[in-house]
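Right, one structure below, let's go through it.
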There are 2 protein chains.
Amino acid sequence: MDLSPDWVVGFTDAEGCFHVQINRHRQMSCGYQVLPEFVIVQHQRDAQVLHALKRFFGGGSVRRNHADRMCLRIRRLAVLERVCEFFLAHPLKTRKNVQFRKFRRVVRLMLQREHLQPEGLLRIVRIAMQMNSADRPRLREVLRDIQQRARNG
Amino acid sequence: MDLSPDWVVGFTDAEGCFHVQINRHRQMSCGYQVLPEFVIVQHQRDAQVLHALKRFFGGGSVRRNHADRMCLRIRRLAVLERVCEFFLAHPLKTRKNVQFRKFRRVVRLMLQREHLQPEGLLRIVRIAMQMNSADRPRLREVLRDIQQRARNG
């Protein structure tokens, strides 16, 4: 199955999700791991579309999501960089573009390794808090914790 | 907002619905009205995309669906004919294409005015029964009723 750029934009406008998770992680220098991911969920009957999207972006993994749903999940930073370059050159037409632009700022900060410093990590958490999928009460706690650690460390 | 054909295909692969409703209608010669419709639902923040799709297909109406959802609904046969021509020239990539092909058979039968004769109407009901959104127990009753009427009339 060959996908054209415009088809990928249209399909992502409808089904794509840009998430930024921030998880507690003892081995990370600031105590937290930043996990940006680009996700598309489909009924298993259309798993072939997810595999075609995986080939299109040159990475990611297609797995079962839950019940009869399959999921393409892209987490590797090098692949996410390509995803971001693609949607910068071929802009989303829905309001999802606003989410994408926040997501892209996070990916760029990570490529510059800013997430390994308290100040960069705080910038990322603040961007993540503005995203649709954000668990804001939890992220506020994360923010306070990082600030506390930076003062103590 | 300018939409390209491939974007429209990608977006429809994700969000488009092809329905065929068959409703009791005393004034129709066979006692039933066939209502094919092409529907796309979006959050109200992306109502502009629905208006752009309406312009793209040259018809349909954009209205509130429920709560914060808006809906483009195309019901006019002349516009549905254009919709069908478009998706025939630019095929859907997901299994939704199977639904579309059944939908297109119904639209073609209606353009040939077959739905006004019992035999044509029965063919349409049988196609509608094979569609994902079908209420099969109800359509089986409709089928029996049309057959009964044809025998009596």
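None of the figures in this text is laboratory data; all of them are computed from the coordinates on show. Please read all numbers here as calculations on a predicted model, not as lab measurements. Positions of Cβ are backbone-derived with ideal geometry, glycine not excepted, and every protein chain shown enters the neighbour counts.
Summary of computed values
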quantity: Boolean, B:Gly31 is out of contact with any His (no Cβ under 6 Å at 6 or more places or on another chain), on the phi > 0 side of the Ramachandran plot and either touching a residue at least 40 places away in the same chain (Cβ under 8 Å) or within 14 Å of chain A (Cβ to nearest Cβ) (or both); calculated: yes
quantity: Test set (1) within 14 Å of another protein chain (Cβ to nearest Cβ); (2) without any contact (Cβ under 8 Å) to a residue 40 or more places away in the chain; (3) surrounded by 19 or more Cβ atoms within 10 Å (Cβ to Cβ); (4) in a helix (DSSP H, G or I) - B:Leu72 fails condition number; calculated: (4)
quantity: Test: residue in the range A:44-59 that is more than 25 Å from B:Val49 (Cβ to Cβ) and touching an Asp or Glu at 6+ places or on another chain (Cβ under 9 Å); calculated: yes
quantity: Selection count, the range A:1-15, where residues are farther than 15 Å from B:Asp46 by Cα and either among the basic types (Lys, Arg) or more than 7 Å from chain B (Cβ to nearest Cβ) (or both); calculated: 3
quantity: Among (1) within 15 Å of the chain's Cα centre (by Cα); (2) among the polar types (S, T, N, Q); (3) closer than 17 Å to A:Glu15 by Cα, the one test that A:Gln130 misses; calculated: (3)
quantity: Filtered residues of the range A:27-61 (kept if over 19 Å from B:Glu15 (Cβ atoms) and part of a strand (DSSP E or B)); calculated: A:Tyr32, A:Gln33, A:Val34, A:Leu35, A:Pro36, A:Glu37, A:Ser61
quantity: Residue match in the range B:55-64 (condition: within 14 Å of another protein chain (Cβ to nearest Cβ), polar (S, T, N, Q) and surrounded by fewer than 17 Cβ atoms within 10 Å (Cβ to Cβ)); calculated: no
